Amino acid sequence: MLLLLLPMIAWYIWRQKKLGASLQFSSDMGFARIPKSWKYYLRHSVLVLQMLSLSMLIVALARPQSSNSWSNVTTKGIDIVIALDISSSMLAMDFQPNRIEAAKDVATQFISGRTNDRIGLVIFSGESFTQCPLTTDRATVINMFRGIESGMIEDGTAIGNGLATAVSRLKDSNAISKVVILLTDGENNRGEIAPVTAAELAKTFGIRVYTVGVGTMGMAPYPIQTPFGVQVRDMEVKIDETTLQKIASTTDGKYFRATNNNKLAEIYKEIDKLEKSKIDVKEYSKKQEEYLKYALAGALLLMMAMFMKTTIFRNIP
């Protein structure tokens, strides 16, 4: 676009020649002694300022940005997918404020401390899906966690489907340590894949599964919807610990029974002991817009040109 300035300069030169008047004298020796005014030497400064102003504005319209080059950095870490049960029973209030919120809080603290690991998130209830694929962007995973609520998908407890979805996110990983943290508070009652079958699939791909039974022993207070509104009633806690233990042992993992927030945090401490593997992290710097300073400079130069044109050089064409 800067090439557009060339026709404007050419037109200015042509115009100056056309405006020049001619007078015939026998000799110009008398004029040679007349000193030239400073305006004579600066008569083209308005054009120069205008051209500089237009150049700056054209650069500003191009939206220049500053950024560093992309680079691949090899760092140590493991690949972890958290598979979280979000069925309605996770609203039980034996954890404060309830099971699902407690699970989210502990997981968020864990993610914040895993600087170089790739973390993914799978949620399941009557069905399962990937809430967040594997990523080193901790802020994204944490935001995804915070947005989880019970009732997002059809109710039920499809443990096998949840685990199978998590395995599908990890099966193509090149990490030496691949981990699934499966949190549930019930028994498998939905889904097309049996939990033990999903565990065998995880074992095939070298994925270690840590299972967590979330819930106190005995009875727990549940919010129940009644014709008179929501009421809290004590209901029996039913966790299929046998199946969860089978999943963990099949994949060389470990089973935990979390009865409070402190117990729930133990599983994340165990993951710290896992063998680290190397993964590639693509690092980049955020782009910063640079157009504003060019736009301001262009505007300032244009104002100077207009001021000089209408004051100092107003009688000079």
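Here are the numbers for this structure:
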read-out	value
Inverse of mean 1/r across different Cα pairs in the stretch 71-282, Kirkwood, Å	17.1 Å
Label-to-label distance, nm, for residues given as Gln231 and Glu154 (7 Å Cα→Cβ offset)	3.1 nm
Which listed pairs, of Lys104/Lys273; Lys203/Lys263; Lys178/Lys273; Lys178/Lys263; Lys178/Lys254, have C-alpha distances above 18 Å, in listed order	Lys104/Lys273; Lys203/Lys263; Lys178/Lys263
Magnitude of the charge dipole, the stretch 71-282, Cβ model with Lys/Arg +1 and Asp/Glu -1, debye to 20	780 debye
Peptides 152-162, 105-115 ordered by average Cβ neighbours within 10 Å, highest first	152-162, 105-115
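Taken together, the values in this text are just the output of simple stated rules run on the coordinates, not laboratory data. As the structure is a computational prediction, the values presented were derived from the model and not from experiment. Glycine also receives a Cβ, built like all others from the backbone with ideal geometry; neighbour counts cover every protein chain displayed.
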